[in-house]
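Here is the structure we will look at.
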Amino acid sequence: MKHELDKIYIPSAGELGTYEKWEKSGYFNPDNLDLPESAKSYTIVLPPPNITAKLHLGHSAMLAIEDLIIRYKRLNGFRTLWIPGTDHAAIATQNVVEKKILQEQGKTRHDLGREALLKEVWSFLEKTQGEILTQTRRMGASLDWSRLAFTLDEQRQNAVKRMFKEMYDEGVIYRGERMVNWCPRCHSTLADDEVEYKEEKAKLYWIKYGPFVLATSRPETKLGDTAVAVHPDDTRYQHFIGQELDIEGVLGKFQVKVVADKAVEMDFGSGVIKVTPSHSFIDNEIAERHNLPGKKIINEDGEMMANCGKYAGMKTAVAREAIVSDMQAMGLIDHIDEDYIHNSARCYRCDSVIEPLPSEQWFIGVDKKIKRLGDKSLKERAIEVALENKITFTPDRFKKRYIDWMENLHDWCISRQIWFGHQIPVWYKDKEIYCGLEAPTGDGWKQDEDTLDTWFSSGMWTFSTLGWPENYNDDKKTGDLAKFHPTQVLETGYEIITLWVSRMIMMSLFALDEVPFSQVYLHGMVLDKDGKKMSKSKGNGIDPLEMIEKYGADAVRLSLLMGFTPGNDTKFSEDRIETKRNFVNKLWNISRFVLSSDNLVETDTKVIPQAKTLADKWILNALQETVATVSKNLDEFNFSVAADILDNFTWNQLADWYLEISKIEKNKDDILIYILKQLLIIWHPFTPFVTEKIWESFNDNLLMVEKWPQFENIDTVNSKNINLDFNLIQDIVVAIRNARSLNKIEPAKKLQAVIYAHGLEKILFDNQEIIKNLKTGIDNLEIHSDGDKINGAIAIVCGSVEIYLLGAIDPQKEKERLTKEKNNLEKLITLQEQKLANQEFVGRAPEKIVTAEKEKLENYKKDLFKINQAII
RNA sequence: GGGCGCAUAGCUCAGCUGGUUAGAGCACUUCGUUUACACCGAAGGGGUCCAGGGUUCGAAUCCUUGUGCGCCCACCA
């Protein structure tokens, strides 16, 4: 039997077909996997990409990692489910569409009206969503497309309404007036994390304010002042505290109260601040503490309100100028700092200046005690599950970040003043209010105009995709929800841990009283070669689709899996993909070589073939070690390390040595095909396309659902000896090649070689064909045992050149080395025993540390035992 | 202001709970190839592990201070 593969692997030619084959097989869907009832499930939800943008390399990294995990688990007999989906990204999407309409039709959303705008949004989405799904397929992602979800499709809308109602009925969701970050342009509130702060040069006005001079950057808010505040310890102003003062302003005199509050910094300005409760977060808090009234003077368009006299209707910035010039005329301005640097709050979408305003909004009360959560609040439970390690983080340090953030969390404002999104399921009629899944019967009910924060629906992602609430009745899970929830791992970028991860945890705890996933794996960002974020506007982005066309999806995947460690950013450039393309081609050619033999034997992958020579033992042993360490590292999410080990075995051991030897020592077909099969299975999660392609050339079954190789416990002493013996042969071959090169012996010229090696004659004799023929050009080889002459070293005489391999694998030297190591270990054991016996830390240090130290001692002893064995 | 991370070869990075001579890929130098693969092979050069101090028999690794980057959070009236 002989199999032919093309000389060069051209990925773009076959990848689409291979993906189609997988998809047709149905195995992306766990229901179709041929598994015993007892098989454990393994679920990942794909972080739904935002539908407005094309996928970037960050997405590709995410897909590569998640597909790697899923394929690895599938090969290991898990009931693997990876759920695809997309996110409606409410504000972002509406913005893109609004911009488009303004450009194409010259209309605003108010010109169109709610219905017409939503129609435009949906038709836009149809196009972009398709593109994203195509890109995802091209990466080779083995997602179960039959379970495709969208955060705003019908099923998710039902789930969201149900969730809202349950939280409303429980009193977790409430409506209240709060200071919010208001974007006057978007006409919407922004969550704290949607506000961006930018350093800017501004003017700082020192104004005369009754008996004080105080500094402000927003003199126009003076119209809304109801107090001034000083620090309670500030000796300069003690006697003013508690007084009511008449202050002269541009609209006449007004009264303020002087209060003492620790929020005031004595060192800033004059140590006195004016308090505008309705238009500043800090002032609002101060006002709450001191029961001060608020006075609203700025409306939702960012304009001065009717109560502002002649300034009414002006934008705040305009009013500022007008008021300052009036104040100057009245002699109320002391002086102005021109280059005061401050942080200006901006809308993350449109960059408008944020206006803090009191406003009616919907909130999730994170501190509200909830009966079904054992009278604990969402915040408490969400922190608890992390502390109890019901959810673990990779890397571990993000656990701290998560908990810190959680602890400082304020009530979450979930209403947004936009049209595209989940409309709030609340209806009003006069003073009546109704929350329900459907509109209430009867006339005159009007639904709340607002929609929900996009994270409300994506926070429900792990269970809304698995059929909640239909699959959840009387606190019992059924169907997909029972089978696949909680999911096993959430893989996402670390920047999203607060925005998304935390919300998923709270939502799942509320809905099901269980965690949404047990592990969080966080990847870093893919940066450009200068360490800058890739972005469209900078033009420094690398288009994944283009890279896939050029180098193949496998190469793109590998380039994003290797040299990329959890939680750390990576600088990326195209040549990283190129070298991986070279590797994929190498793997192809290894297979081509193995499969080109005339007498290939089909062997069962489970049966380890008989090793006939040292090289056979060595490579089979190396394969075992490789399988073991790769599996271990994949289990621990060390994807890059796993790939490195595998790469080293494939290229440096198998291709560079064993395949060359197989040209000299014949009849290795059974071993070669065995290794190839194992290798293809192990590589498959990393490079699914090329491995499946090779596999199909000699096998009818899909590689995708093969069995991951099992490995036996490795006899470390024996395998060490095999390695030592084989390394000797390698060293001799390399030494002879070097001698040729250094002494300019012509390659074509045949050599007579004599090796003197005391005590190693047998190994050398057994492997003389390799020494003669592995590109050393030895014509005639003699092996002598003559220790006296060469002082224990191995001497090789090639023609007229003498080579000495000193201190290498000489048994005498090796024994010395081992003895040294033994002495060292014995010393360590003594030290460790002393440490354990004498040190004060025993009994005082945490138990953990003491056991760790004891374990260390045990390990030393084990090592010593092994070495003693080896010496014999 | 609070917190986190990074600093190792020219470049991109590994280096787990301290243990022989600090590794890989790319780049570089030399040599080679009718052979599965030039998307190749062989050999080689290149590192005061950011700096100072400390702990230890032993430090790239642990502690401390400093310097330089990067990120997150809070936000200054």
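Within the range A:329-366, which residues are within 17 Å of A:E177 (Cα to Cα) and not hydroxyl-bearing (S, T, Y)?
Residues of the range A:329-366 within 17 Å of A:E177 (Cα to Cα): A:355-366.
Once the filter is applied, which keeps residues that are within 17 Å of A:E177 (Cα to Cα) and not hydroxyl-bearing (S, T, Y), the range A:329-366 yields A:E355, A:P356, A:L357, A:P358, A:E360, A:Q361, A:W362, A:F363, A:I364, A:G365, A:V366.
Number of residues in the range A:604-656 that are within 16 Å of A:L561 (Cα to Cα), charged (D, E, K, R) and out of contact with any Phe, Trp or Tyr (no Cβ under 7 Å at 6 or more places or on another chain): the value is 3. Taking the range A:77-122 only, how many residues are modelled with pLDDT under 90, in a helix (DSSP H, G or I) and closer than 22 Å to A:F456 by Cα? Going through the range A:77-122 one residue at a time, the tally reaches 8.
Here A:K54 fits the description: surrounded by fewer than 18 Cβ atoms within 10 Å (Cβ to Cβ), within 25 Å of the chain's Cα centre (by Cα) and touching a residue at least 24 places away in the same chain (Cβ under 8 Å). Look at the range A:560-577: where a residue is farther than 17 Å from A:R397 by Cβ and a partner is basic (K, R) and more than 6 Å from RNA strand B (Cβ to nearest atom), sitting 6+ places away or on another chain with Cβ atoms under 6 Å, you get A:K571/A:K529; A:S573/A:K529. Looking at the range A:59-76, is at least one residue part of a helix (DSSP H, G or I), among the polar types (S, T, N, Q) and more than 23 Å from the chain's Cα centre (by Cα)? No, that holds for no residue. Filter the range A:358-397 down to the residues that are open to solvent by less than 20 Å² (accessible area, probe 1.4 Å) and in contact with a Pro (Cβ under 9 Å, 6 or more places away or on another chain) and list them by number. Correct list: A:P358, A:I391. Entry remark, the range A:400-434: residues being at pLDDT 95 or above, touching a Lys or Arg at 6+ places or on another chain (Cβ under 6 Å) and crowded, with 18+ Cβ neighbours inside 10 Å number 1 in total.
Out of A:E288, A:E248, A:E244, A:E300, which single residue is out of contact with any helix residue (DSSP H, G or I) (no Cβ under 9 Å at 6 or more places or on another chain) and within 15 Å of RNA strand B (Cβ to nearest atom)?
Details: A:E248 fails: within 15 Å of RNA strand B (Cβ to nearest atom); A:E244 fails: within 15 Å of RNA strand B (Cβ to nearest atom); A:E300 fails: within 15 Å of RNA strand B (Cβ to nearest atom).
Exactly one residue qualifies, and that residue is A:E288.
The values are calculated or read from the model by the stated rules, or taken from the named source; none is laboratory data. Note that the structure is a prediction, hence the values are computed from the model and not measured. Cβ coordinates were reconstructed from backbone atoms using ideal geometry, including for glycine residues, and neighbour counts include every protein chain displayed. Please note that ligands, DNA and RNA were not included when accessible areas were found on the heavy atoms of the full protein model with its side chains. Shrake-Rupley method; radii C 1.70, N 1.55, O 1.52, S 1.80 Å.
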